[in-house]
Amino acid sequence: MTKTPSKIVFSASRDIPFNKLVLSQSNVRRIQAGVSIEELAEDISRRTLLQSLSVRALLDGEGRETGMFEVPAGGRRFRALELLVKQKRMTKTQAVPCIVRTNGFAEEDSLAENVQRQALHPLDQFRSFKTLTEKGLSEEEIAARFFVSVNVVKQRLRLTAVSETLLDLYAADGITLDQLMAFTVTSDHARQEQVWESLSRTYNKEPYYIRRLLTESAIKVSDRRAQFVVFRPAKLTPLSG
């Protein structure tokens, strides 16, 4: 007998005053990395909260709800909001969008949110940064908004010079980022694709070698790749007197 799959039921969402929220001890993140709390607070101040907090109702000793909620997933966002309250840029009764969890365990909420998070692919970064420059933002403004160095923005935008064929190849993991960056020394897409095609027949695909092939104007006679053609002088036939 075929078992009917159970229907998915999403957790309820609601706005909860910030002073009714407390940071949960079940949050699995112990080592702080990435964007600082101060930077995240600035981002929330400018863009508001882009992702709701995951919360669970706090119960008393008899299992009754206390009206308070713990935050097992979204601890960094909670600390950033806490900082905004301390700076008097947000009231302590400000309503915060939350997802109220009831099933499973608090530790599971925290672990799932952190494990499932994936860093943005460099190619997605490039395309996003390119769109923002087209909308008038400077490299410095983009760097400040997304908490990366100006050098990272400049490096990603250098990919503007690369052929779409090679960008698609990188998206499919057919070429490394270092190899792709080597092609930015020229904006000649036909030449880029020609060089990559030639590399498919050799073991050496190092970035320095790619740059060398793209920038050399001619092959030296001493180069092993040169093909020598022997020219023999034609015999001269004397003119009859």
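Remarks
- In the stretch 150-174, the residues that are in contact (Cβ under 8 Å) with a residue 40 or more places away in the chain reach residues that are buried (at least 18 other Cβ atoms within 10 Å of the Cβ) with C-beta atoms within less than 9 angstrom, at least six apart or across chains, in these pairs: 167/126; 167/159; 167/180; 170/159; 170/162; 170/179; 170/180.
- The listed residues are 49, 23, 111, 83, and the only one of them that is modelled with pLDDT under 75 and on the phi < 0 side of the Ramachandran plot turns out to be 111.
- Within the stretch 142-196, being of a type in the set (Asp, Glu) and under 22 Å from residue 132 (Cα atoms) holds for 164, 168.
- Here the condition is being more than 28 Å from the chain's Cα centre (by Cα), at pLDDT 90 or above and in a helix (DSSP H, G or I); of 167, 213, 180, it holds for 213 alone.
- The number of residues in the stretch 50-90 that are crowded, with 16+ Cβ neighbours inside 10 Å and assigned to a loop (DSSP other than H, G, I, E, B) comes to 3.
- Qualifying residue in the stretch 168-178 (condition: surrounded by fewer than 12 Cβ atoms within 10 Å (Cβ to Cβ), of a type in the set (Asp, Glu), outside the structural domain of residue 38 (by TED's automatic domain parsing) and under 23 Å from residue 36 (Cβ atoms)): no
- Filtered residue count, the stretch 119-152, keeping only those that are within 19 Å of residue 40 (Cβ to Cβ) and among the aliphatic types (A, V, I, L, M): 7
The values are calculated or read from the model by the stated rules, or taken from the named source; none is laboratory data. Because the structure is a prediction, the values reported are computed rather than measured. Ideal geometry is used to build each Cβ from the backbone, glycine not excepted, and the neighbour counts take in all protein chains shown.
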